[in-house]
Amino acid sequence: MGQPTRIPPAIAEIAEEGEMTPRQRRHSLIEMARRRVQHSDPAGYSVIALPYLVLLKLAANRGRDIGDLTTILGWASESDLAQVYQVVARYSPEDVGDLESLIFIGQKEREFPPEDSVT
């Protein structure tokens, strides 16, 4: 007989309720985003579609990413925001309220010019 099947650490870490750990969730979101590459830039690098970039930045939950999100979402078109909302609502519904706040903050930031640019 062969050796017993070893349970991968990522599977062994599943919470008792059967939910994914935060690390597993981030990994699955990264893999999903990688499969949805929009196109390549002129240098040949893959570009992740905006809704999935937002999803990844929400999952990262770092200050730098939150700041990026307010800028990105503040300048996004209504059609882009609709796509972002749809993806976040599907894959991370607990983040919809945060998404709406980030959009609001980003749009407010866009309305006001920086103080140092006033002449």
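All of the numbers you see were taken from the coordinates with simple rules; none came from a lab. From a predicted model like this one, the values you see are computed outputs, not experimental measurements. With ideal geometry, Cβ positions are generated from the backbone for all residues, glycine too; neighbour counts draw on all protein chains shown.
The charge dipole of segment 9-117, taken about its Cα centre with unit charges on the Cβ atoms of Lys, Arg (+1), Asp and Glu (-1) only, comes to about 440 debye. Under 5 Å between amide hydrogens, built in the peptide plane, is the criterion, and for Ile48 it picks out Gln38 among residues at least 5 positions away or on other chains. Extension gain, Asp65 to Tyr85: 0.36 nm times the residue separation minus the Cα-Cα distance gives 5.5 nm. Along segment 95-105 the Karplus relation, 6.51 cos²θ - 1.76 cosθ + 1.60 evaluated at θ = phi - 60°, assigns HN-Hα couplings of 9, 4, x, 5, 4, 4, 5, 5, 5, 4, 4 Hz to successive residues, with x for each Gly and Pro.
In order along segment 49-65, the phi-based Karplus estimate (6.51 cos²θ - 1.76 cosθ + 1.60, θ = phi - 60°) of 3J(HN,Hα) comes to 4, 3, x, 7, 5, 4, 4, 5, 5, 5, 5, 5, 6, 9, x, 4, 5 Hz; Gly and Pro are listed as x. The convex hull around the C-alpha trace of segment 9-117, projected and averaged over every direction, spans 9.2 square nanometres.
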